[in-house]
Amino acid sequence: MIAICQRTLVLSLLLSLFIGAAYAQDDIVIDFYFPSATANDAEGIFQRYADRFHEENPGISVNPVFTGSYTDTRNTILTELQGGGAGPDVAVMLSIDLYSFAEEGYITPAQAFIDAMDGGEAYASDFFPALMANSTDADGNIWSIPFQRSTPILYYNADLLAEAGYDSPPTNNAELVEIAQALTTDDRHGLLVPVAGGFPIWMYQSFAIAFGHNIVGDDPAEVYFNTPEAVAAVEFVRSLGTDLGVGPAGGAAWGDTPVAFLAGQAGMIYHTTGNLTRILSGADFEVGVWYLPSGPAGEDGTGYGSPTGGGNLYIFDDGSKSQAELDAIWKWVTFLSSPAIQADWGATTGYIAANASAWETEPLASLSMEHPQYLVARDQLQHADKEFSSYGTITIQGIINGTLESILTGESADAQAAMDAAQAQIDGILADYR
Amino acid sequence: MIAGAWRHRLTARVLPYLLIAPTLVLVLMFNVLPAVNTVNDSLYKPARGLNAAGKPPQFVRLQNFADILDDSHYMGQRFLRSFRNTLIFALATVLVAVPLGLLLALLLNRPQQLLGVWRFAVFYPALLPLIGAASIWSFIFSDSIGLANAVLRSLGQPGLNWLGDRNLVLLSVIIVNIWKQAGYFMIFFLAGLQNIARELYEAAALDGAGGFQQFLWLTLPLLRRTLLFVSVISFTFAFQTVEQLQALGEGGPADSANLLLYLIFQNIAERRNWGYVNAMTLVLIAVVLTFTLGNFLLFERSENDR
Amino acid sequence: MTRKSGVAQAVATVLTATIGLVFLLPLVFTILVSIRPENEPVTQGSIFFGSEITLSLYQHALNIAPWGLHYFNSIIFVGGTLLVQLFTVTCAAYAFARLRFWGRNLLLVVILLQLMIPSGVLLVQNFRMINLLGLFDTRLALMLPYWGSAFGMLLLRQAFREVPIELEEAARIDGANLLQVIRHVYVVNAIPAYVAFALVSLSSHWNEFLWPFIITRSEEIRPLTVGLNKLIKTTDQGAFYGQLMAGTIIVITPLVILFLLFQRQFVESFARSGIR
């Protein structure tokens, strides 16, 4: 029997020899965690960037690690850090994850690095202001750097619109409803707004902004979920599936919406600009792209409006990293956010290149000449507003998503009452911070 | 000689502990100690607010349990729904997938044409990674472009919102689970059936027992232990398999198909919810413990009856 | 025989075919969608075939992840887990089935607690333990928590208890040592229990996603489920069903071939010994 247990021991020792790749000892190695939210071979692309970076910066290696979806990435990193692990050095996470990590003291602001670098101010001001809204805390400190950003946008099937006698896309909600109704047939939805499938808050937020009141303020302790505008917005979205009948009751599922659009089963859809490349290359009809139609707040720009979305670069440091390591980390962050990489990444994936000069850089410059749709996505940024992010983001987002779903699926008929109850719960959580 | 005998006795004394040591140590390390920690942590509320990370948690007795049972608390409603769903999900697995597995075993235990094809047809779902299987079904259930609705519409029926309708989505999740598990359970029954001597059936047939009577009085009693075994694993698995929800609507809309373990995963990240997560974990452990213990006692008793 | 049994046979045949076809349907459409052009859903045109048959989705899917490596890793993971489990479980099962020692029942209950505590819920704490042992991101970390199995111990303990004690006594008189007794008396008489346990262990770890995902970072050791995950998490661009289906087919084809080759032997060997 002892022989058996000895064998077990030998076996386990043998197995433990199969350990992951090792890196040259003299290099600084940056562990870079990234989610993949597109069908591109993100792993291959990041490896290419890492190789190029290593060539330009001998002595610094980057180890790209795929960590699943955005949610997986956030949970993986938190589990690792809470469990005493080293965690990443740099990670791409949702721009709204800021407070989840800042509250725990896991990340360090980019502001100090910007202040210390040559031309730091020019570097920071090259990013589109709307994309910095979620990076900046109430005191104006920049924490994270935009990397793969997006906004929701209106995609329309120009051929179908022309057939129905419309030669331009809707610019306000009244026109939106009118055209959607004209496009609706027995086997085609006029308009799909993807609010089903676990994450209605983002699409909903674009309506709340269009109705005149974002659900989040500049201060991460301010949430406005039961204002008249917030209620009217959700009632409008609900009516698309019920009274107006231009989409499925309860809303469309996020993942299916672009597929249905490409198949000609939806005349118009709300979806992310992150999808532009896929839709342009996949459609066998003329794809139109326009700002999300303005709501009752008016067409002077205040009634337009969509939240921003997507992922930023975060720097992880609990104060234990050496200056040399931090310098290397910052080099990698500036590399990824440089116009050259942003232009390449944006052209490959469809995310909005985050800095203005990237749009003058190849291959994005000629791509956007060829497909002006990319410029619409960029220009909508002037009307874009902060995406929902607060203290206790995950919990509060959970409350909001659950409430929206229960209203949209008809479980809560009285939207105001449901949102009042949710706001009370949210205020209870935020009381700890006020 | 005396030394030899002494050594022999010592070995006999120590041997049992040596034999169980690897299992015991691993179970203590990865199951029991964490569970004990969970019991302790469930009595504390983590510090909240700014700079909470540096502050100690607060002892609150059973407040976390009261909160998750409170329908108006933000975690209460989610917990109560997920708890109910988990029970329905587990019962549906035991009451549908297990009998279906038995039926399939009965059907596929007869010599017939295409036997290999049919066995494959019902067993291949077990070969699919759960997350892949769920993704296939998310395509089938897709509202506007899915297969299920394409079929319904071709029959002149309106399509259903399988993953978006709060009254349907749990059923959809259960359907996937039954499809995934039935063939797997079948294998156990098939083996049990092939073990029953053919002569017994011949004798029963001579006594005039029909097919159904044979099943009732011969097959079922002889399969009792297999049935018990499969019921135990199906029930415990039902509490632990939640990864499919990633592809099947994230437990929504509004938690109408959420399962307890998935709810725990959804809330494990934020410090403020750790107390609730621990309390929910204990509830989950308690339910599985009760059922497993009950099954185990049955198992033991049926052993002793023999 | 009688007409009645003829009718029963017919009913059984129809029932078999119906259930079989319903179960097969998802696979059939997985294959059909995987060879259909990406932007032609089944709701458009023919439900069975698109405008052309193409393997381009397979090319895409193959490029997304190193499938061969993931396959190898999955096999090492489930195989390594099972192999060590067989040793630990046999040792413990013999002790609890046949030996008397102080604290036996208490220790049995402690081990059985594992059955009742879903390991998934202890993710963070198990991560901490693995990290403490310095095993984060190793193959060992994947397997270690599963090397003790209360379930397997219980199953084998039952089987061992059914082995007549006289067999062990006879072997002892013939001069067999403990190892030989276990091997030649107990293991050979408990093959069915071993097969049942192996089936449960292999299939549950083959499907495992969360633990491997959390505890590993290196592509070199990550199993299939993590690779498959790359095809599923295309959230910013919506669903890429075609590519996903192609990936799924890639993942299961080797297993399917194995099953088709060995299905008869598999069921029969399992049955010959009889699981009870």
Determine if region B:49-69 includes at least one residue that is more than 14 Å from chain C (Cβ to nearest Cβ), crowded, with 17+ Cβ neighbours inside 10 Å, in contact (Cβ under 8 Å) with a residue 60 or more places away in the chain and not in a helix (DSSP H, G or I).
-> no
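Name the residue, out of B:T226, B:T236, that is hydroxyl-bearing (S, T, Y), touching a Lys or Arg at 6+ places or on another chain (Cβ under 7 Å) and either at pLDDT below 80 or under 28 Å from B:F89 (Cβ atoms) (or both). Reasoning before the result, please.
Details: B:T236 fails: touching a Lys or Arg at 6+ places or on another chain (Cβ under 7 Å).
Within the list B:T226, B:T236, the selection yields B:T226.
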Given the conditions (1) without any contact (Cβ under 8 Å) to a residue 40 or more places away in the chain; (2) more than 12 Å from chain B (Cβ to nearest Cβ), every one holds for C:L62 apart from (1)
Give me a count of the residues in region B:265-282 that are modelled with pLDDT of 90 or more and of a type in the set (D, E).
-> 0
Of the conditions (1) surrounded by 14 or more Cβ atoms within 10 Å (Cβ to Cβ); (2) within 9 Å of chain B (Cβ to nearest Cβ); (3) in a helix (DSSP H, G or I), the single one that C:I75 does not satisfy is (2)
Of all the residues that make up region C:80-135, how many are away from chain A (no Cβ under 12 Å), free of Cβ contacts under 8 Å to residues at least 60 places away in the same chain and over 25 Å from B:F291 (Cα atoms)?
-> 3
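Does region A:278-318 hold any residues that are among the polar types (S, T, N, Q) and touching a strand residue (DSSP E or B) at 6+ places or on another chain (Cβ under 7 Å), and which are they? Give the derivation first.
Taking region A:278-318 and keeping what is among the polar types (S, T, N, Q), we get A:281, A:294, A:302, A:306, A:308, A:312.
Matches in region A:278-318: A:S294, A:S306, A:T308, A:N312.
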Regarding C:N73, is this residue at pLDDT 90 or above, in the same structural domain as C:W206 (by TED's automatic domain parsing) and polar (S, T, N, Q)?
-> yes
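Can you name the residue in region A:105-118 that is over 21 Å from A:G310 (Cα atoms) and small (G, A, S) and is also modelled with the lowest pLDDT among such residues?
The first filter runs over region A:105-118 and keeps only residues over 21 Å from A:G310 (Cα atoms), leaving A:105, A:112-118.
Then drop every residue that is not small (G, A, S), which leaves A:105, A:112, A:116.
On the way: A:G105: 89, A:A112: 95, A:A116: 94.
Taking the candidates together, the pick is A:G105.
Does A:E387 meet the test of being of a type in the set (D, E, K, R), surrounded by 18 or more Cβ atoms within 10 Å (Cβ to Cβ) and within 14 Å of chain B (Cβ to nearest Cβ)? Please lay out each step first, then the result.
Values: of a type in the set (D, E, K, R): yes; surrounded by 18 or more Cβ atoms within 10 Å (Cβ to Cβ): yes; within 14 Å of chain B (Cβ to nearest Cβ): no.
Answer is no for this residue.
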Qualifying residue in region B:102-112 (condition: surrounded by 14 or more Cβ atoms within 10 Å (Cβ to Cβ), closer than 24 Å to B:D255 by Cβ and either among the polar types (S, T, N, Q) or at the interface with another protein chain (Cβ under 9 Å from one of its Cβ atoms) (or both)) = no
Flagged in region A:349-361 as part of a loop (DSSP other than H, G, I, E, B) and touching a strand residue (DSSP E or B) at 6+ places or on another chain (Cβ under 6 Å), in numbering order, are A:Y351, A:A354
Please verify whether region A:202-209 includes one or more residues that are crowded, with 21+ Cβ neighbours inside 10 Å, among the aromatic types (F, W, Y), under 20 Å from A:S390 (Cα atoms) and within 14 Å of another protein chain (Cβ to nearest Cβ).
-> yes
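Only one of A:T308, A:T277 is touching a residue at least 24 places away in the same chain (Cβ under 8 Å), hydroxyl-bearing (S, T, Y) and over 19 Å from A:F127 (Cα atoms); which?
Working: A:T308 fails: over 19 Å from A:F127 (Cα atoms).
A:T277 is the lone residue from the list that is touching a residue at least 24 places away in the same chain (Cβ under 8 Å), hydroxyl-bearing (S, T, Y) and over 19 Å from A:F127 (Cα atoms).
Given the structure, is B:R119 buried (at least 20 other Cβ atoms within 10 Å of the Cβ) and of a type outside the set (A, V, I, L, M, F, W, C)?
On the way: buried (at least 20 other Cβ atoms within 10 Å of the Cβ): yes; of a type outside the set (A, V, I, L, M, F, W, C): yes.
So B:R119 fits the description; yes.
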Hey, any hits in region A:372-381 for a residue that's buried (at least 22 other Cβ atoms within 10 Å of the Cβ) and assigned to a loop (DSSP other than H, G, I, E, B)?
-> no
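What are the residues in region A:41-57 that are out of contact with any strand residue (DSSP E or B) (no Cβ under 7 Å at 6 or more places or on another chain) and either free of Cβ contacts under 8 Å to residues at least 12 places away in the same chain or under 19 Å from C:A65 (Cα atoms) (or both), if any?
At the first step, the residues of region A:41-57 found to be out of contact with any strand residue (DSSP E or B) (no Cβ under 7 Å at 6 or more places or on another chain) are A:41, A:44-45, A:48-49, A:51-52, A:55-57.
Hits for region A:41-57 are A:D41, A:G44, A:I45, A:R48, A:Y49, A:D51, A:R52, A:E55.
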Is at least one residue of region A:355-369 farther than 30 Å from A:A418 by Cα, in contact with a Lys or Arg (Cβ under 6 Å, 6 or more places away or on another chain) and small (G, A, S)?
-> no
Of the residues in region A:111-128, those that are touching a Ser or Thr at 6+ places or on another chain (Cβ under 8 Å) and among the hydroxyl-bearing types (S, T, Y) number 1
In the set B:A35, B:A92, which member is within 24 Å of B:T236 (Cα to Cα), within 14 Å of chain C (Cβ to nearest Cβ) and part of a helix (DSSP H, G or I)?
-> B:A35
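The values are calculated or read from the model by the stated rules, or taken from the named source; none is laboratory data. Predicted model only: the values in this text are computed from it and were never measured. Every residue, glycine among them, receives a Cβ derived from its backbone with ideal geometry; neighbour counts consider all protein chains shown.
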